[in-house]
1. Return yes when residue 94 is part of a loop (DSSP other than H, G, I, E, B) and buried (at least 16 other Cβ atoms within 10 Å of the Cβ) and no when it is not.
2. Being surrounded by fewer than 22 Cβ atoms within 10 Å (Cβ to Cβ) and closer than 15 Å to residue 260 by Cα, is that true of even one residue in region 137-150?
3. Tell me yes or no: at least one residue of region 151-162 is in a strand (DSSP E or B), within 13 Å of residue 258 (Cα to Cα), in contact with a strand residue (DSSP E or B) (Cβ under 8 Å, 6 or more places away or on another chain) and at pLDDT 95 or above.
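The values are calculated or read from the model by the stated rules, or taken from the named source; none is laboratory data. Bear in mind the structure is a predicted one, so any value in this text is a computation, not a measurement. No Cβ is skipped: glycine too gets one built from the backbone with ideal geometry, and neighbour counts run over all protein chains shown.
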């Protein structure tokens, strides 16, 4: 084939490939596109032991899911003033972390169970503008960093070294806040978050007002600008995905509670506590899968 003909053919092929690539890129969703979650089932949530939070535990293999509620707080822990437990999480190496708060004071507590079954406690002294609430924890997939949330209307999540996992932590030293997730949209009454990927969080909100997202009790997705590293702040893009199920034989105010994403089978679970006396009968842990 003559050189000039070969050049024209090569140019034509290059143009076709460029157009095809552009078409594929324009059709593909952005990397941070929000997921769709469809309800696939539910289980009764016990009001005493399964009403605050839940998490799946991968190590040791075959471990049952862990739940928290007023009935799971050890008597000696409650006697020292830590009378509220939030939504827990577990690292991929099997460390299990529960967040605790007291009615007053200037500290929060994180209770950690190691894979060998032993327990330890890590206390964090509140920062100057930090709320007393200790609603939830979410451990990063690399295990080194733990996000924690405050109640109320917030524009941030707090980042700590994961107690018991990160080598910089010790039960005998203050657990420091090391960085912050800066949210691009306010959130209200977040009760739990869990990582579904290195830079993606799924969160359950007990928001009673629809002024922030056009719905009450939303399931939120937060896409981080980078994985937490403990040295610099990251931003978080907030998207409301759907309203959590609000079904009961009783009418009144529901309460959205903790959340768990099980990476082994891709199941998302969220606790919703029923109003009135139906808290005893038809509170549920709802199960979702990606649409």
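1. Values: part of a loop (DSSP other than H, G, I, E, B): yes; buried (at least 16 other Cβ atoms within 10 Å of the Cβ): yes.
Against the criterion (part of a loop (DSSP other than H, G, I, E, B) and buried (at least 16 other Cβ atoms within 10 Å of the Cβ)), residue 94 qualifies.
2. So far as region 137-150 goes, yes, one or more of its residues are surrounded by fewer than 22 Cβ atoms within 10 Å (Cβ to Cβ) and closer than 15 Å to residue 260 by Cα.
3. Step one: list which residues in region 151-162 are in a strand (DSSP E or B), which gives 153-161.
Keeping just the survivors that are within 13 Å of residue 258 (Cα to Cα) gives none.
Taking every residue of region 151-162 in turn, none turns out to be in a strand (DSSP E or B), within 13 Å of residue 258 (Cα to Cα), in contact with a strand residue (DSSP E or B) (Cβ under 8 Å, 6 or more places away or on another chain) and at pLDDT 95 or above.
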